[in-house]
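As structure tokens, the structure follows; a few thoughts come after it.
No value in this document is a laboratory result; all are computed from the given coordinates. Everything quoted here is computed from the prediction, not taken from an experiment. Don't worry about glycine lacking a Cβ; one is built from the backbone with ideal geometry, like all the others, and counts go over all protein chains shown.
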Amino acid sequence: MIGAVCAKHSGSRPAASRSASRAPSASRASCRRSLFGVTPTDAAAFAAVPALLLVVALAAAYVPARRAARVDPIEALRAE
């Protein structure tokens, strides 16, 4: 409704909708420049990224759990 009113008075689309319509194409262009050699249908990249994130998440959970497992539960309770 507001966009129609603005368009009627200004003779074109509002500036917010013009910039919003350009945002997806600008983000695609920046991704194309930064991801050299990766196509949008590259199956290896789509498999490698979640696998890498899974490895990092498992390592981030394993290290503190391993440290906590070394602590004697009685000593931990006495310290509190």
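Table: residues versus (1) exposed (fewer than 10 other Cβ atoms within 10 Å of the Cβ); (2) assigned to a helix (DSSP H, G or I); (3) of a type outside the set (A, V, I, L, M, F, W, C).
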position: Gly37; (1), (2), (3): yes, no, yes
position: Phe46; (1), (2), (3): no, yes, no
position: Leu54; (1), (2), (3): no, yes, no
position: Pro64; (1), (2), (3): yes, yes, yes
position: Val71; (1), (2), (3): no, no, no
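How many residues are more than 19 Å from the chain's Cα centre (by Cα) and of a type outside the set (Ser, Thr, Tyr) if we restrict to region 37-80?
Going through region 37-80 one residue at a time, the tally reaches 21.
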